[in-house]
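Trainee: Supplied in structure tokens, the structure appears directly below.
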Amino acid sequence: MALDAGITCETTVNAPVERVFAIYSDLENAGKNVSAITSLVLLTPAPIGKGTRFRETRTMFGKDATEEMEITEFNPPRGYTVECRNHGCHYVSTFVFEPAGPTSTSVTMKFKATPLTTPARIMSALTGWMLKGTIRKCMAKDFEDLKHAAESA
């Protein structure tokens, strides 16, 4: 299965939606809140919102991977979308935050990688099924880290 079919990660955080959204969208402290992020540099001035661009470096497959990303939708505290283009693909990550009780929040992230070039389409067809599990594990670890940060705040 190719990555353009998408991957979804969900969790419930024992914290109010406003706090959870604030932690998940806190780019300035992302390296502190997410263990896989080794560096995050804002490329546009604060405040964080639609149009914010940043360069994130994280450990993937045992190596540093750097992507330049942009927030393309920002609707506090309900959700936001981050997009980037690299390696012949268009990547979209959408986060949705919904109250799950008086002091809990349901968080859903949908990730989609759409190949735009012929080489990217070939690689997606050949290895997409393999990468899907690895990406799902990375997303789950990020969620675990962010859940801990939100519940500890």
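The values are calculated or read from the model by the stated rules, or taken from the named source; none is laboratory data. For clarity, every value in this text was computed on a predicted model and none was experimentally measured. Positions of Cβ are backbone-derived with ideal geometry, glycine not excepted, and every protein chain shown enters the neighbour counts. The accessibility values were calculated without ligands, DNA or RNA, using every heavy atom of the protein model including side chains. Shrake-Rupley method; radii C 1.70, N 1.55, O 1.52, S 1.80 Å.
Trainee: Of the residues LYS141, LYS137, LYS147, which single one is basic (Lys, Arg) and either crowded, with 18+ Cβ neighbours inside 10 Å or not in a helix (DSSP H, G or I) (or both)?
Mentor: Result of the check over LYS141, LYS137, LYS147: LYS147.
Trainee: Considering (1) within 18 Å of THR134 (Cα to Cα); (2) surrounded by fewer than 17 Cβ atoms within 10 Å (Cβ to Cβ), say which one GLY49 fails and leave the rest.
Mentor: (1)
Trainee: Identify the residue in the range 52-73 that is touching a residue at least 24 places away in the same chain (Cβ under 8 Å) and among the acidic types (Asp, Glu) and, among all such residues, is most open to solvent (accessible area, probe 1.4 Å).
Mentor: Here the answer is ASP64.
Trainee: Follow-up question, since we're still on this one. If I go through the range 86-118 residue by residue, how many of them are more than 21 Å from LEU131 (Cα to Cα) and more than 16 Å from the chain's Cα centre (by Cα)?
Mentor: Result for the range 86-118: 8.
Trainee: Can you find a residue that is touching a helix residue (DSSP H, G or I) at 6+ places or on another chain (Cβ under 8 Å) and more than 16 Å from PHE21 (Cα to Cα) anywhere in the range 70-84?
Mentor: Looking through the range 70-84, none of the residues is touching a helix residue (DSSP H, G or I) at 6+ places or on another chain (Cβ under 8 Å) and more than 16 Å from PHE21 (Cα to Cα).
Trainee: For THR94, state whether it is in contact with a helix residue (DSSP H, G or I) (Cβ under 6 Å, 6 or more places away or on another chain), in a strand (DSSP E or B) and surrounded by 16 or more Cβ atoms within 10 Å (Cβ to Cβ).
Mentor: When the stated conditions are applied, THR94 does not pass them.
Trainee: Do the conditions hold for ARG121, that is, is it farther than 19 Å from VAL20 by Cα and not polar (S, T, N, Q)?
Mentor: So ARG121 passes the test.
Trainee: Select from the range 74-89 the residues that are open to solvent by less than 80 Å² (accessible area, probe 1.4 Å), in a strand (DSSP E or B) and modelled with pLDDT of 95 or more and list them in ascending order.
Mentor: Across the range 74-89, the qualifying residues are PHE74, GLY79, TYR80, THR81, VAL82, GLU83, CYS84.
Trainee: Restricting to the range 36-73, count the residues that are part of a strand (DSSP E or B) and hydrophobic (A, V, I, L, M, F, W, C).
Mentor: Number of matching residues: 9.
Trainee: Same structure again: Residue check, ASN29 against (1) surrounded by fewer than 17 Cβ atoms within 10 Å (Cβ to Cβ); (2) outside any helix (DSSP H, G or I), all met but one. Which one?
Mentor: Answer for ASN29: the failing condition is (2).
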